[in-house]
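What follows is a single structure, written as C-alpha cells, with notes after it.
Please treat every number below as a calculation from the coordinates, not as lab data. No experiment lies behind these values; they were computed from the predicted model shown. As a convention, Cβ positions derive from the backbone with ideal geometry for all residues, glycine included, and neighbour counts pool all protein chains shown.
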Amino acid sequence: MAFYDRMMKIDRRIIYLCMTLAVALPLIAPIGMPVQVSDETRGFYDHIEDLEAGDIVLFSFDYEGDVMAELNPMSIAALRHLFRQDVRVVALTTYAGGTGIAQGILERVAAEYDKHYGTDYVFLGYNPDWSGTILRLGESFKATYPADQFGKSTREIPLMQEVETYDDIALLISIAGSALSEYWAIWAGGRYGVTVVSGNTAIQAILIYPYYNAGQIPGFLGGLKGAAEYEKMVGKPGLGIKGMDAQSVAHLLMLSFIVVGNIGYFLSRRHEARLKRE
Amino acid sequence: MKRQGPVLLAFIIGMLMLIQFFTPNPLFLRIYNLFLDWKQVVLGCTLILGTWSLIRHHTRKIERKQENWQYSYVTLIGLAAMVLAALIWKTEGGPYTWMFQNMQVPMQSTMFSLLAFFVASASYRAFRARTFAATLLLIAGAVVMLGRVPVGALIGGSIGGHEVTVSTVADWILNVPNLAAKRGIMMGVGLGMTATAIKIILGIETTYLGKSD
C-alpha cells in the first residue's frame with residue numbers, strides 16, 4: 001500500500017486508542033488551558049447576579065444521563081450561584097430519567113449552602129407532558145403539580161405558597177440536552193413574559209443563537225466550554241474547567257486526523273493525475 | 001360519521017384554542033386550562049400504553065424466537081426490576097435509586113460517550129476536500145471545532161488593529177451564516193406548521209385519522 005493510501009486508511013482502532021489517550025491524559029495531568037469568558041456566558045451570569053435575595057427561580061433539568069457529563073457542571077455551578085445569593089429555587093425535570101439526576105444535584109448543592117427543602121428549594125419532579133407543563137405553569141403551578149416529587153401536596157409546601165404563575169418567577173433557567181430551552185423561550189418567555197436563560201450541549205447551543213441574538217434568551221452556556229467559563233465567573237472550578245483540557249486535545253487530535261486524511265487524498269489525486277499523463 | 005365526527009371535533013377544539021390565544025375572556029381561559037389538564041392526563045395514559053406495547057413486543061419476540069430474542073429478556077427483567085423496586089422501596093434511596101445511579105446513568109453516559117470515537121473516525125473518513133462545497137464545510141467545521149475550545153483563543157493575531165483568533169472567527173460563523181440559515185429554516189418550519197394546522201382545523205388534512213375506508 002502506498003504511503004498516501006495509508007494516510008487515508010488509518011485503522012479505526014488506532015483512532016479510538018488515540019482518542020482515549022487524548023481524553024484521559026489531560027484529565028489525569030491537567031494542562032491548565034486559559035478560559036476566556038464569552039458574551040453569552042456573561043449574559044447568563046449577569047441575569048443570576050442581578051437577582052435579589054428571596055427571589056424565586058424556576059430551574060428545569062431538561063436532560064438525562066446521556067449528556068450529564070456536559071450539563072451537570074452547569075447545573076451545579078448555577079445552583080451554587082443561586083444559593084450563594086439566597087435565591088430560592090423551584091426545580092422540575094421534563095425527562096423521566098432526569099429525576100434522579102436533579103434530586104442528587106439539588107440535595108448536594110443545598111447541603112453545601114445549608115439550604116432547606118420546602119423553604120429554600122422545592123423539587124416538583126417529572127411530568128410526562130412537557131409542552132402542556134410549560135403552558136399550564138403559566139396559569140397555575142399548583143394545578144400543574146398538585147404534589148412534589150415526594151408526593152407532598154404543593155399547597156402544604158411553604159415556598160409554593162408564594163408561587164402561583166410565572167409572574168412570581170424572577171428568572172427561568174433551562175439546562176437542556178434537547179430543544180426544550182427553545183420551547184421554554186417561545187412559550188414561557190413569549191406568552192408569559194418570563195426571562196429565560198439556558199445551558200445547552202455544544203450541539204444544541206448552535207441552535208440557540210437565533211434566540212440569543214433576538215434577546216429571547218439573553219444568556220446561555222454553550223457546551224462544556226460554557227460550563228467552564230461560568231465556573232470561572234462563579235469562582236468555583238469544577239468538572240467544566242477540568243474537562244476543557246481534554247476537549248481541547250481531543251478536538252486538536254480530530255483535526256490532525258482530518259488534515260492527515262486530506263494530505264493523503266491530495267497526494268493520491270496528484271499520483272493519479274501523473275499516471276494519466278504518462 | 002366515523003370520519004366526520006373527529007374532523008368536527010378537531011375543528012371545534014382547534015378554533016377554541018385559536019380564539020383563546022387572542023382573547024382575555026375568562027370563559028376561554030377556563031376552556032384552555034381544561035384542555036391543558038386533559039392533555040396531561042392523555043399524555044400520562046400514553047405511558048401505560050407505551051409500557052404495554054413494549055411488553056407485548058418483547059414477549060412476542062421471545063415466543064417466536066426472533067433474531068436476538070435473548071436480549072428481550074434483559075429488557076423485560078430490567079423493566080420489572082425497576083417497577084418492583086420503586087413499588088416496594090419507593091424512589092427515595094434504596095435499590096431503585098441504586099439501580100438508577102449505578103446502572104441506568106452509566107449506561108446512558110457510555111452510549112453517548114461512544115459518539116466521540118465514532119465522530120472522530122467518521123469525520124476523518126468523510127471530511128475530504130473533494131469539492132468546493134465540501135472544502136467550505138471542512139474549513140467551517142475545523143474553525144468551529146477549534147473555536148469552541150480554549151485553544152482556539154490562543155491561535156490568531158492582530159489584523160488591522162483587530163485581535164482575530166480562531167475563536168472570534170468561530171463566533172462569526174455561528175452568529176452570521178449559521179444564524180441566517182437557522183432563521184430561514186425556523187421561518188419555513190413556522191409557516192409550514194401554521195399551514196398544516198389550518199388544514200387540520202378546516203378538515204383538509206385528515207391523515208391523522210389513518211387510512212380512509
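Remark: A:H47, A:H251, B:H162, A:H271 ranked as B:H162, A:H271, A:H47, A:H251, counting other beta-carbon atoms within 10 Å and listing the fewest first. A simple packing score, the average count of other Cβ atoms within 10 Å per residue, orders the peptides B:72-84, A:14-26 as A:14-26, B:72-84, with the highest score first. Summing Lys and Arg as +1 and Asp and Glu as -1 over all other residues whose Cβ lies under 15 Å from the Cβ of A:L255 gives a net charge of +3. Per-residue shielding of A:122-135, expressed as the average number of other chain Cβ atoms within 10 Å of the residue Cβ, stands at 3. Counting only aspartates and glutamates at least 8 places from A:K142 when in the same chain, those with an alpha carbon closer than 15 Å to its own are A:E156, A:E162, A:E164, A:D167, A:D168, B:D37.
For a 30 Å ceiling on Cα separation, which of these pairs sit above it: A:K242/B:K182; A:K115/A:K152; A:K236/B:K39? Cα-Cα > 30 Å for A:K242/B:K182; A:K236/B:K39; rest within. Within the straight-line cut-off of under 24 Å between alpha carbons, the lysines reachable from A:K9 are A:K276, sequence neighbours fewer than 8 places apart in one chain being disregarded. Sequentially through region B:162-174, phi angles give Karplus couplings (6.51, -1.76, 1.60; θ = phi - 60°) of 9, 6, 10, 10, 4, 5, 5, 5, 4, 4, 5, 4, 6 Hz, Gly and Pro residues having no value and appearing as x. Neighbour counts of other Cβ atoms within 10 Å put A:D66, A:D11, B:D37 in the fewest-to-most order A:D11, B:D37, A:D66.
For chain A, the spread of Cα positions along the three principal axes, ordered from largest to smallest, is 86, 38, 33 Å. When chain A is modelled as a GNM with alpha-carbon springs shorter than 10 Å, which of A:N127, A:N72, A:N213 fluctuates the most? Evaluated over chain A, the most mobile residue of the options is A:N213. Normalised by the number of residues in chain A, the mean separation of alpha-carbon contacts (under 8 Å, six or more apart) gives a relative contact order of 27 percent.
Taken residue by residue and averaged, Cβ atoms of other chains lying within 10 Å of the Cβ of A:252-259 number 6.
Rounded, prolate or oblate: which fits region A:120-227 when a ≥ b ≥ c are the square roots of the eigenvalues of the alpha-carbon gyration tensor, with rounded for a/c under 1.5 and prolate only if a/b beats b/c? Taking the square roots of the gyration eigenvalues as a ≥ b ≥ c, region A:120-227 is prolate. Would you list, by chain and number, the lysines whose Cα falls below 18 Å from the Cα of B:K2, excluding same-chain residues fewer than 8 positions away? Answer for B:K2, where 18 Å is the Cα cut-off: B:K211, listed by chain and number. Charged side chains reduced to their Cβ positions (Lys and Arg at +1, Asp and Glu at -1) give region A:132-278 a dipole of some 940 debye around its Cα centre. Working from Cα pairs under 8 Å separated by at least six residues, relative contact order for region A:225-278 is 22 percent. Going from the fewest other Cβ atoms within 10 Å to the most, the residues A:T93, B:T135 appear in the order B:T135, A:T93.
Within chain A, helices built from complete DSSP H runs that reach 27 Å or longer along their own axis (Cα positions) and carry a mean Kyte-Doolittle hydropathy of -1.0 or higher are A:239-277.
Each Lys or Arg adds one and each Asp or Glu takes one away; over the other residues whose Cβ falls under 13 Å from the Cβ of A:D120, this sums to -3. With contacts taken as Cα pairs under 8 Å at a separation of at least 6 residues, region B:58-213 carries a relative contact order of 9 percent.
Counts of other chain beta carbons within 10 angstrom of each beta carbon in peptide B:27-39 average 3. Summing +1 for each Lys or Arg and -1 for each Asp or Glu among the other residues whose beta-carbon sits under 15 angstrom from that of A:A2 gives +3. Could you work out how far the C-alpha centroid of region A:210-278 sits from that of region A:62-91, in angstrom? The two parts, judged by their Cα centres, are 25 Å apart.
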